[in-house]
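S.K.: Attaching a single structure in structure tokens format; questions to follow.
The values are calculated or read from the model by the stated rules, or taken from the named source; none is laboratory data. Not measured: the values here are computed from a predicted model. Methodologically, a virtual Cβ is constructed for each residue, glycine included, from the backbone with ideal geometry; neighbour enumeration extends over all protein chains shown.
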């Protein structure tokens with residue numbers, strides 16, 4: 001479905017009649033690379049961002065997201081325990097990255113999430129999948145349903161842990177970055193609780209996090225490495241500096257050392273060569289969207305986070321802000337629902353996009369309410 005511009009045009013921000021400015025140059029050693037500034041939606045670097053690739057253990061980001069959804073909905077608890085099946089223990093303990101789970105052992109959801117995210121445990125991923133959905137196959141259905149709902153149009157999942165599966169599991173760098181952003185934006189408390197830990201101990205075995213940014217970039221806190229012969233060395237990472245959060249993806253690198261070097265260089269380039277200009281604070285009302293069949297004819301739109309535009313460091317740019325949304329929007333609407341986009345449109349045709357949320361619930365109107373709202377629409381109320 002195409003996105004149309006609403007009739008609402010926000011205040012136009014005109015700095016000087018100059019173009020956005022020359023994009024800072026960068027040459028990535030990775031066959032696939034992508035970077036986005038979360039505060040503005042600006043894509044700072046892209047190299048084959050839509051090419052479908054096997055994600056290896058980066059697929060575990062989706063496994064974690066599904067579990068986070070269950071925890072946030074209180075259908076699952078962190079101290080809830082799952083018993084490790086004989087099949088999971090025999091198939092996955094010692095096979096690739098492992099948490100060293102034992103058959104018959106009980107492990108809490110919290111411990112399994114640490115095993116999944118910090119240790120990249122293949123056995124932890126399967127234990128969570130079986131514990132939540134009864135089987136890995138059923139859980140994979142949840143993963144793909146979530147991917148569709150999230151708009152990961154070029155990704156599909158065939159395993160809960162990213163183990164090679166003859167090409168069934170494929171993603172793109174662009175989709176991985178979107179998944180990373182949603183993990184942080186939708187579940188900030190759980191994200192902080194489980195991502196960015198330096199190590200984790202289970203069954204008296206302490207293992208380090210393989211995240212190449214930890215200890216090398218201040219503010220680094222996520223997300224997930226991956227490696228198979230087919231995928232090469234991969235990484236989806238993020239860090240915060242001076243209020244800016246960058247998300248990056250690299251894939252197809254030939255070695256662990258090259259993954260470390262490229263990840264650090266790309267992220268430093270993103271912080272050192274770009275600047276942000278703050279536009280709105282978090283939860284700022286920036287406009288409204290028209291509704292149909294609702295108890296109200298409009299719903300206010302608010303920012304889910306502080307919103308900025310991202311510019312090359314020496315740039316002064318001309319841009320305007322508009323609100324776009326899929327229309328017509330039909331009630332009911334839930335508070336916090338993503339229903340519109342705030343778009344910064346630059347004079348050189350580039351755009352930076354951030355989501356907007358419904359500020360409040362709007363229920364469906366009854367017969368007379370719909371008739372009244374129809375009259376209001378006709379007369380421009």
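S.K.: Do the conditions hold for residue 25, that is, is it surrounded by 17 or more Cβ atoms within 10 Å (Cβ to Cβ) and either modelled with pLDDT under 95 or on the phi > 0 side of the Ramachandran plot (or both)?
M.R.: Working: surrounded by 17 or more Cβ atoms within 10 Å (Cβ to Cβ): no; either modelled with pLDDT under 95 or on the phi > 0 side of the Ramachandran plot (or both): yes.
No.
S.K.: Please indicate, with yes or no, whether at least one residue in the range 148-155 is without any contact (Cβ under 8 Å) to a residue 12 or more places away in the chain and closer than 30 Å to residue 247 by Cβ. First the steps, then the outcome.
M.R.: From the range 148-155, those without any contact (Cβ under 8 Å) to a residue 12 or more places away in the chain are 148-149; that's our starting set.
Retained after the next criterion (residues that are closer than 30 Å to residue 247 by Cβ): 148-149.
Yes, there is a match, as at least one residue in the range 148-155 is without any contact (Cβ under 8 Å) to a residue 12 or more places away in the chain and closer than 30 Å to residue 247 by Cβ.
S.K.: Turning to a different aspect of this structure: Please go through the range 253-274 and pick out each residue that is without any contact (Cβ under 8 Å) to a residue 40 or more places away in the chain and assigned to a strand (DSSP E or B).
M.R.: Within the range 253-274, no residue meets the criteria.
S.K.: Taking the range 281-325, which residues are assigned to a strand (DSSP E or B) and farther than 16 Å from residue 340 by Cα?
M.R.: Of all residues in the range 281-325, those assigned to a strand (DSSP E or B) come to 285-292, 294, 298-302, 307-312, 318-325.
Scanning the range 281-325 gives 294, 308, 309, 310, 311, 312, 318, 319, 320.
S.K.: Considering only residues that are touching a strand residue (DSSP E or B) at 6+ places or on another chain (Cβ under 7 Å) and surrounded by fewer than 16 Cβ atoms within 10 Å (Cβ to Cβ), which ones fall in the range 81-103?
M.R.: Residues satisfying the conditions are 81, 83.
S.K.: Could you tell me which numbered condition residue 65 fails, if it satisfies all but one of (1) at pLDDT 95 or above; (2) out of contact with any helix residue (DSSP H, G or I) (no Cβ under 9 Å at 6 or more places or on another chain); (3) assigned to a helix (DSSP H, G or I)?
M.R.: (2)
S.K.: Would you check which residues across the range 70-88 are over 13 Å from residue 128 (Cα atoms) and outside any loop (DSSP other than H, G, I, E, B) and list them?
M.R.: Correct list: 72, 86, 87.
S.K.: Give the number of residues within the range 155-185 that are in a loop (DSSP other than H, G, I, E, B), out of contact with any helix residue (DSSP H, G or I) (no Cβ under 6 Å at 6 or more places or on another chain) and under 25 Å from residue 304 (Cβ atoms).
M.R.: 1
S.K.: Within the range 228-237, is even one residue within 20 Å of the chain's Cα centre (by Cα), over 11 Å from residue 263 (Cα atoms), touching a residue at least 12 places away in the same chain (Cβ under 8 Å) and not in a loop (DSSP other than H, G, I, E, B)?
M.R.: Residues of the range 228-237 within 20 Å of the chain's Cα centre (by Cα): 234-237.
Adding the requirement that they be over 11 Å from residue 263 (Cα atoms) leaves none.
Looking for residues that are within 20 Å of the chain's Cα centre (by Cα), over 11 Å from residue 263 (Cα atoms), touching a residue at least 12 places away in the same chain (Cβ under 8 Å) and not in a loop (DSSP other than H, G, I, E, B), one finds none in the range 228-237, hence no.
S.K.: Something else about it: Any residue at all in the range 305-319 that is farther than 29 Å from residue 63 by Cβ, assigned by TED's automatic domain parsing to the domain that holds residue 360, free of Cβ contacts under 8 Å to residues at least 40 places away in the same chain and touching a strand residue (DSSP E or B) at 6+ places or on another chain (Cβ under 9 Å)? Walk me through it before giving the result.
M.R.: We begin by selecting, within the range 305-319, every residue farther than 29 Å from residue 63 by Cβ; these are 306-319.
Narrowing the set further to residues that are assigned by TED's automatic domain parsing to the domain that holds residue 360 leaves 306-319.
If we keep only those that are free of Cβ contacts under 8 Å to residues at least 40 places away in the same chain as well, we get none.
No, the range 305-319 contains no residue that is farther than 29 Å from residue 63 by Cβ, assigned by TED's automatic domain parsing to the domain that holds residue 360, free of Cβ contacts under 8 Å to residues at least 40 places away in the same chain and touching a strand residue (DSSP E or B) at 6+ places or on another chain (Cβ under 9 Å).
S.K.: Take the range 199-225 and flag every residue that is part of a loop (DSSP other than H, G, I, E, B) and touching a strand residue (DSSP E or B) at 6+ places or on another chain (Cβ under 7 Å). Steps first, please.
M.R.: Restricting attention to the range 199-225, the residues satisfying the condition of being part of a loop (DSSP other than H, G, I, E, B) are 203-204, 209-219.
Matches in the range 199-225: 209, 210, 211, 212, 213, 214, 217, 218, 219.
S.K.: Looking at the range 106-153, which of the residues that are assigned to a loop (DSSP other than H, G, I, E, B) and in contact with a helix residue (DSSP H, G or I) (Cβ under 8 Å, 6 or more places away or on another chain) is surrounded by the most Cβ atoms within 10 Å (Cβ to Cβ)? Write out each step before concluding.
M.R.: Taking the range 106-153 and keeping what is assigned to a loop (DSSP other than H, G, I, E, B), we get 118-121, 134-135, 151-153.
Remaining after also requiring in contact with a helix residue (DSSP H, G or I) (Cβ under 8 Å, 6 or more places away or on another chain): 118, 120-121, 135, 151-153.
Details: 118: 24, 120: 27, 121: 29, 135: 12, 151: 11, 152: 21, 153: 12.
Ranking the qualifying residues of the range 106-153, first place goes to 121.
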